[in-house]
Amino acid sequence: MKGEAWLFTGTALFFGATTVVYRWFSTDPAGSSALCVSFIMSSLVSAFLWRQHRRGGERPEDRGTAEVREASGRRVFFPDRSYFPVLTAAGAALIGLGVVQGLWLLLIGFGVLAPGVLGFAFQNLDHPE
């Protein structure tokens, strides 16, 4: 994860510097906001990858002298079939329609989205790893 973490750290630094320079020379709030959101999102990904690197340690992919066979075997856990992606997508679509149609549909969308997101987060709590 170290290589990926450095990649997203560089991306976050680029967006941070671009945001400051853009804000200094421009009065456009939309561009500044878009660059600021890009900085925040790439910083979140970077922080997650650094955390995963600290938790999991060095992988064979992080070393230049690693052999291919070192990366073999079971590495990650993939969950069983899940309907939470469909539920999350339906909730997001209802929220999008609710922005256009009205508050009642927006609230229904959040009611559908919440179980989908929570299901994503907690579907593998009973997994032994």
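The values are calculated or read from the model by the stated rules, or taken from the named source; none is laboratory data. Note that the coordinates shown come from a computational prediction; the quantities given were computed from them, not determined experimentally. Virtual Cβ from ideal backbone geometry, glycine too; neighbours counted across all protein chains shown. Ligands, DNA and RNA are excluded from the accessible area calculation, which covers all protein heavy atoms including side chains. Shrake-Rupley method; radii C 1.70, N 1.55, O 1.52, S 1.80 Å.
Say whether the condition of being at pLDDT 90 or above and surrounded by fewer than 14 Cβ atoms within 10 Å (Cβ to Cβ) is met by at least one residue in the stretch 115-125.
The answer is yes; a qualifying residue exists.
Being open to solvent by 30 Å² or more (accessible area, probe 1.4 Å) and among the small types (Gly, Ala, Ser) is the filter here; which residues of the stretch 16-25 pass it? Write out each step before concluding.
Filtering the stretch 16-25 down to residues open to solvent by 30 Å² or more (accessible area, probe 1.4 Å) leaves 17-18, 20-25.
Matches in the stretch 16-25: Ala17 only.
If Thr88 passes every condition in (1) modelled with pLDDT of 90 or more; (2) not acidic (Asp, Glu); (3) not in a helix (DSSP H, G or I) but one, which one does it miss?
It fails just one condition, (3).
When the stretch 1-15 is examined, which residues are found to be open to solvent by 80 Å² or more (accessible area, probe 1.4 Å) and modelled with pLDDT of 95 or more?
The first filter runs over the stretch 1-15 and keeps only residues open to solvent by 80 Å² or more (accessible area, probe 1.4 Å), leaving 2, 6-7, 13-14.
Listed by number, the residues that qualify are Leu13, Phe14.
Consider Val76 against the criteria (1) open to solvent by 70 Å² or more (accessible area, probe 1.4 Å); (2) at pLDDT 80 or above: it satisfies all of them except one. Which criterion is unmet?
Here Val76 meets the rest and fails (2).
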